[in-house]
Amino acid sequence: MTSTADAQVTSPRSKKHGSFLGRTAGSPLLRLIIRRVLLAVPLLLAVSLLVFILLEAMPGDPARNQAGMDATEDQVEAVRRSMGLDRPAPERYITWLFGFLRGDLGVSSVSGRPVAELLAERLPVTLELVGLAFVLSVVLALPVALLAARKPGGIVDRLIMVFSMTLLAIPNFVMALLLVLVFAVTLQMLPAIGYVPVQVSLVDNLRSVTLPVLALAIPMACFYARFLRGDLGEQLLGAGYIDTARAKGAGIWRILWLHAFRNSSFGLLTLVGLNIGALVGGTVIIEQIFAMPGMGMLMLQGVISLDLAIVQSCVFIFAAVAIFANLFVDIMYAVLDPRIRYGSH
Amino acid sequence: MAVTSAPLRPELGGASPAPTLPRTGVRWSKFRRRMITWLSGGTVVLLILLCFLGPYVLPLHPPVGGSVLNSALPPGSPGHPLGTDVNGNDVLSRLIHGGQASLTVGIAVNLIGLVVGGSVGAVSGYLGGKSDTAIMRVLDVLIAFPSLVLVIVLAQVLGPSLPNTIIALTAFSIPAVARIARSSTMKVMSMPYLQAAQLAGSPWWRILFRHIVPNIVPQLTNFLMLGMAIVIVTEGALSFLGLGIPAPNPSWGNMVYEAQQSMSATPQLVLWPALALLVTVLSFNLLGESIRDEVNTR
């Protein structure tokens, strides 16, 4: 999918864009980045519109919810007007969109507080979880994959592949509970639930996020390790440059790291980028299990209590993160691979 | 079909890839691959039989409506081989009935995804040009969402029930299948036999159904196995959050949730549905890999 899109961007056939962008931007890389960012804008708009339409279809009446069970019709109408729900849907969408761009995300109907304020409280927790899980998944996958690829078909390779396949088959919410069972209930080494802010104590903070981060990172790490091991193994079998390196007398680690891994890093980058969305989505369930006051939990509570302003913003931000991660991968491709930049591939 | 034909084609696979390996090594790896195909395929068949026929054939207790007097019996209790849960329901019976729900959702979602997503992708790839771009942009919007987030919102909009869970999950199955069908179609479109068919003046429907569809099915079958695993896990997550199969009806997801509530007293209750999910997901993943290897060696 990326390759066809790239071909469109850089092939001489798309003269129209080439001449237009050629005037605005000199370097091919910059041109490609601009083009990618321009493509992301309508996508973001469409995503926000879809979220809005979905929430319109949500059952229940938010105004009645807000007014309370025994409110009269007049009171419900008054609440409806104060929430702006009496205006037509397209107008409300436009209002929301421009509000969002100005940083005004509306007011939570359940807590009565501005959504931006709630998000500012919750965002650091989710960022910490996702950031640590992201780093850990890659850091775990690299040595494991290299170790397995060192001797394809060997006992270490087999063990790693069987082990990672098994771990990969455990859904993250089950993994979370198994971790709690082992490390919190049985060994009592780590807290089962709760989040300690880093301002209170760094050690307690790290202890409180260890299990949720592991639950998010382990399945991802297995996925990356298996992919990387497969890709490295394929190169060791057939690639000419590997044979050349071998003939020159390079050691296996040097071959793996300098010759094979460099090529595999592209595939790994794509995989990691595509999985940012899954990682962020995973926080919804993991934060719920570990009672982490993050964005995922905010969204889930919003969905269950029909707090439209919260769901609209949270879902949009989740989708935007995934879109930007893919955008970043596309751009990194061009940065790393000159063939894509100059369109000669 | 690809699965059953695997062991019947011993001449493929082993001969070409690594001529430097000793013959016994080649034979062993071929044997091992065949074993994995049979084991995972067999487990899948067994699971389907157990979950769909089990409730009629086996002397199971009803999965709901147990008495609190029988609460949390240990495994091996008379009449309850895996014990009972906190509500006094037979765990084995709930596992089998829950598996039926999970597999029903998995099969239904993937069939809908295959038919709808497959046609959308094949048509999009076949038409090419502006219509292709338009279709792909629409799919991009659906794919842009983290799948669990989109499914959670959809499930809440539709309300928790088995059919609604299926509908919510197709929202991420259809675009994923469509993308794979499209890229496979575009690969087929560049093949000489397709150009020959076009030159011979075959009508579009003939090209689509005689030449394109049969050639993209292997790729889609491989993805469907992985799709089964993904859908079953997502259904589990949804039911775990209380947005999927509504309690007290069993599903592996809501069984995990119920077990979480009494984790310190009865930790074994987490393990049964966890084990069921593990075995199912592992079998579908392995079967998918076997089919992929089979497709690639051809």
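Here is a check on your reading of the model: is A:VAL329 within 30 Å of A:MET83 (Cα to Cα), part of a helix (DSSP H, G or I), touching a Gly at 6+ places or on another chain (Cβ under 8 Å) and hydrophobic (A, V, I, L, M, F, W, C)? Criteria not met by A:VAL329.
Being farther than 25 Å from B:ILE36 by Cα and surrounded by 18 or more Cβ atoms within 10 Å (Cβ to Cβ) is the filter; apply it to the range B:267-284 and report the residue that is nearest to the chain's Cα centre (by Cα).
By that ranking, first place goes to B:VAL270.
Residue by residue through the range A:135-163, note down the ones that are touching a helix residue (DSSP H, G or I) at 6+ places or on another chain (Cβ under 7 Å) and within 14 Å of chain B (Cβ to nearest Cβ). A:LYS151, A:PRO152, A:ASP157, A:MET161 - these are the residues of the range A:135-163 that are touching a helix residue (DSSP H, G or I) at 6+ places or on another chain (Cβ under 7 Å) and within 14 Å of chain B (Cβ to nearest Cβ). Scanning the range B:187-205 turns up one or more residues that are on the phi > 0 side of the Ramachandran plot and more than 9 Å from chain A (Cβ to nearest Cβ). Only one of the numbered conditions (1) touching a residue at least 24 places away in the same chain (Cβ under 8 Å); (2) buried (at least 16 other Cβ atoms within 10 Å of the Cβ); (3) of a type outside the set (S, T, N, Q) is violated by B:PRO248, and that is (2). Can you confirm whether the range A:333-342 contains a residue that is within 12 Å of chain B (Cβ to nearest Cβ), more than 22 Å from A:ALA46 (Cα to Cα) and among the small types (Gly, Ala, Ser)? No, the range A:333-342 has no match at all. For the range A:287-301, the set of residues classified as within 10 Å of another protein chain (Cβ to nearest Cβ) and either more than 18 Å from A:VAL125 (Cβ to Cβ) or not aliphatic (A, V, I, L, M) (or both) consists of A:GLN288, A:GLY296, listed by residue number.
Of the residues making up the range B:216-234, those that are within 14 Å of chain A (Cβ to nearest Cβ) and out of contact with any Gly (no Cβ under 6 Å at 6 or more places or on another chain) are B:ALA229, B:ILE230, B:VAL233, B:THR234.
Which of the numbered conditions does B:PRO62 fail, given that it passes all the others? Conditions: (1) in contact with a helix residue (DSSP H, G or I) (Cβ under 8 Å, 6 or more places away or on another chain); (2) surrounded by fewer than 21 Cβ atoms within 10 Å (Cβ to Cβ); (3) in a helix (DSSP H, G or I); (4) of a type outside the set (Phe, Trp, Tyr). The number of the failed condition is (3). Every condition in (1) within 11 Å of chain B (Cβ to nearest Cβ); (2) in contact (Cβ under 8 Å) with a residue 60 or more places away in the chain holds for A:LEU178 except the one numbered (2).
If I filter the range A:181-204 down to residues being assigned to a helix (DSSP H, G or I) and buried (at least 17 other Cβ atoms within 10 Å of the Cβ), which single residue comes out as nearest to the other protein chains (Cβ to nearest Cβ)? Within the range A:181-204, the match that is nearest to the other protein chains (Cβ to nearest Cβ) is A:LEU181.
All of the numbers you see were taken from the coordinates with simple rules; none came from a lab. Computed from a predicted model, the values in this text were never measured in an experiment. Positions of Cβ are generated from backbone atoms using ideal geometry, with glycine treated the same way; all protein chains shown enter the neighbour counts.
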